[in-house]
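Data block below; observations after.
The values are calculated or read from the model by the stated rules, or taken from the named source; none is laboratory data. If you're wondering where the values come from, they're calculated on a predicted model, not measured in any experiment. No Cβ is skipped: glycine too gets one built from the backbone with ideal geometry, and neighbour counts run over all protein chains shown.
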Amino acid sequence: MKLRAVRGTHDLYGDDIEKYNLIKKIVSQNAKIKSFNQIETPIFEFTELFSKPLGAQSDVVLKEMYTFKDRNDDLLTLRPEYTTPMIRSAITNSMLNNLPLKIYSMGPIFRRERPQKGRFRQFNQINFEILGTKDFLADLELIVVANKIINLILPNVDIKLNLNSLGSKNNLIQFKKILSKYFIKNKKKLSKESVDKIETNPIRILDSKQEDDIEVSKSAPSIIEFISKEDLLHFEEIKNGLKTFNINFEENHRLVRGLDYYCNTVFEFKTDKLGSQDTLLGGGRYDGLVKTLGGPDTDGIGWAAGVERIMMLMDNITSHKENIHIAISNEKFKNHFINITKYLDEHNISYYWNYKYNLKKSLSKANLDKIKYVIIIGYDEFEKNYFTIKNLISGEQFKLEINDIKNFLNDKS
Ligand code: HAM
């Protein structure tokens, strides 16, 4: 068997791991500022946690879940999203006694999709949720946090916020019927995939990327005309709030989401820099979901962002190599080397040692890595119990006693 990674999976290393860690840092800093608590759930759950809430007719449930039987015949699934496991955790750990609950997480998600640019089978999501309020300020707070995080990570990328309201669950059921009728009338003009969705999931035809479907959708009934006055007011308040925050948005009445649990506000942050996988972040309201999962009747709203898609738009981070290299000319000087590493460890000074007893090789490696200082241990240093520190940029060399090294580095930094 040829050794290879599974299709649609990828390793994180080098520049990518630097980007990943930077994202993680920005996310946790902003979560803290906004009082969201971190919660990390197991990577697999009982399959039934996902099958109904995400929608029996959704692509995720129909064809993308990694599901397997455990030895005792339990049906388990690698999490294809975070929202339902986070709510499961909030219910089973009695977190819903103290509402509103503001939680976030960041970790791997699994979907068996056809891999392409920006689409993986294992990828990472950042996920923010607020449970326990219908207030439009929660919708606003979440979009503001999303906007801040995206702007901090991608300050120079043009990203557009798309916004829509689906109205209540009941409204959505009625609207789907109206939409089905419209698409049946226009069946001949639709793509085969969309024809298959007319009865089961007609709102997904609205976000089809096929030219023919887009043309038909342009004249389809618009959901905003069917939503109640109360829901419309909720939507207006969010839009006014966004204007106050100077967050630009585009009202897009064809914006629907791929999972079934949404109602009222839905939103996506999109870019034209990633080809067809253009959504960096998506989310919305899911009042009723907590109850469906067996919890109390609790409203909720949240979003998730694709970490890999964000990483693809980040500038390369030059990894900070501020550590010091150590170069030894002979194995006999190991004890002198141990003294210096003990000293550096005690003073939290980072260093790199390449296990080579060859000055030339060690110095050329340090030059290659663009390291500023090398501590050199040669015969004279060993005999007379001192250390030479060489500045590779200026070429200067200094003879130092061990206890002077920290002050020397502080003075030079
Ligand atoms: P979603 O739209 O399915 O929503 O996924 C959110 C984000 O995850 C997408 O916008 C995209 O950036 C990223 N993503 C999705 N699939 C892939 C893939 N195959 N490869 C790479 N990135 C991908 C949810 O998952 C909802 N749970 C969001 C939410 C939270 N709604 C309320 N709370």
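Can we say residue 125 is part of a strand (DSSP E or B) and either surrounded by 19 or more Cβ atoms within 10 Å (Cβ to Cβ) or of a type outside the set (Ser, Thr, Tyr) (or both)?
Against the criterion (part of a strand (DSSP E or B) and either surrounded by 19 or more Cβ atoms within 10 Å (Cβ to Cβ) or of a type outside the set (Ser, Thr, Tyr) (or both)), residue 125 qualifies.
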Mind checking which residues of the range 219-250 are under 24 Å from the mean Cα position of the chain (by Cα) and of a type in the set (D, E, K, R)?
250
Let me confirm something: among 376, 349, 389, which residue is at pLDDT below 95 and either within 13 Å of residue 326 (Cα to Cα) or touching a strand residue (DSSP E or B) at 6+ places or on another chain (Cβ under 6 Å) (or both)?
349
Search the range 289-317 for residues that are crowded, with 20+ Cβ neighbours inside 10 Å and pair each with any residue that is assigned to a helix (DSSP H, G or I) and among the small types (Gly, Ala, Ser) when their beta-carbon atoms are under 8 Å apart and the residues are at least 6 apart or on different chains.
290/90; 301/138; 303/146; 305/146
Kindly establish whether residue 266 is β-branched (Val, Ile, Thr), closer than 22 Å to residue 50 by Cα and at pLDDT below 95.
no
Within the range 47-75, the count of residues that are outside any loop (DSSP other than H, G, I, E, B), in contact with a Ser or Thr (Cβ under 6 Å, 6 or more places away or on another chain) and surrounded by 15 or more Cβ atoms within 10 Å (Cβ to Cβ) comes to 4
Any chance the range 234-242 includes a residue that's surrounded by 20 or more Cβ atoms within 10 Å (Cβ to Cβ) and within 29 Å of residue 113 (Cα to Cα)?
no
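To keep it simple, each residue is scored yes or no on (1) touching a helix residue (DSSP H, G or I) at 6+ places or on another chain (Cβ under 7 Å); (2) at positive phi.
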site	(1), (2)
327	yes, no
338	no, no
358	no, no
374	yes, no
379	no, no
385	no, yes
400	yes, no
407	no, no
410	no, no
Considering only residues that are assigned to a loop (DSSP other than H, G, I, E, B) and closer than 30 Å to residue 23 by Cα, which ones fall in the range 135-185?
135, 154, 155, 156, 157, 158, 159
Restricting the range 314-333 to residues that are in a helix (DSSP H, G or I) and out of contact with any strand residue (DSSP E or B) (no Cβ under 8 Å at 6 or more places or on another chain), which is nearest to the ligand (Cβ to nearest atom)?
331
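Within the range 162-187, restricting attention to residues that are touching a residue at least 24 places away in the same chain (Cβ under 8 Å) and polar (S, T, N, Q), which residue is nearest to residue 248 (Cα to Cα)?
Filtering the range 162-187 for residues touching a residue at least 24 places away in the same chain (Cβ under 8 Å) gives 162-169, 171-172, 174-176, 178-179, 182-183, 186.
Restricting the remaining residues to those that are polar (S, T, N, Q) gives 162, 164-165, 168, 171, 174, 186.
On the way: 162: 9, 164: 14, 165: 17, 168: 25, 171: 27, 174: 31, 186: 34 Å.
Across the range 162-187, the extreme among qualifying residues is 162.
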The range 251-269, subset within 20 Å of the chain's Cα centre (by Cα) and among the aliphatic types (A, V, I, L, M), residue farthest from the ligand (Cβ to nearest atom):
266
Right, residue 3: surrounded by 15 or more Cβ atoms within 10 Å (Cβ to Cβ) and over 27 Å from residue 139 (Cα atoms) or not?
no
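I need a count of the residues in the range 296-313 that are acidic (Asp, Glu) and part of a loop (DSSP other than H, G, I, E, B).
At the first step, the residues of the range 296-313 found to be acidic (Asp, Glu) are 297, 299, 308.
Subset that is part of a loop (DSSP other than H, G, I, E, B): 297, 299.
Number of matching residues: 2.
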Exactly one of these conditions fails for residue 383: (1) under 41 Å from the mean Cα position of the chain (by Cα); (2) free of Cβ contacts under 8 Å to residues at least 12 places away in the same chain; (3) in a helix (DSSP H, G or I). Give me its number.
(1)
Report whether or not residue 357 is over 18 Å from residue 323 (Cβ atoms) and crowded, with 17+ Cβ neighbours inside 10 Å.
yes
Going through (1) more than 29 Å from residue 151 (Cα to Cα); (2) without any contact (Cβ under 8 Å) to a residue 60 or more places away in the chain; (3) surrounded by 14 or more Cβ atoms within 10 Å (Cβ to Cβ); (4) within 23 Å of the chain's Cα centre (by Cα) one by one, residue 90 fails only at (2)
Within the range 272-281, considering residues that are surrounded by fewer than 22 Cβ atoms within 10 Å (Cβ to Cβ) and under 18 Å from the mean Cα position of the chain (by Cα), the one farthest from the ligand (Cβ to nearest atom):
273
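Conditions (1) aliphatic (A, V, I, L, M); (2) free of Cβ contacts under 8 Å to residues at least 40 places away in the same chain; (3) closer than 30 Å to residue 281 by Cβ; (4) in contact with a Cys (Cβ under 7 Å, 6 or more places away or on another chain), marked per residue:
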{"residue": "325", "(1), (2), (3), (4)": "no, no, no, no"}
{"residue": "337", "(1), (2), (3), (4)": "no, no, no, no"}
{"residue": "340", "(1), (2), (3), (4)": "yes, no, no, no"}
{"residue": "346", "(1), (2), (3), (4)": "no, yes, no, no"}
{"residue": "351", "(1), (2), (3), (4)": "no, yes, no, no"}
{"residue": "367", "(1), (2), (3), (4)": "no, yes, no, no"}
{"residue": "375", "(1), (2), (3), (4)": "yes, no, no, no"}
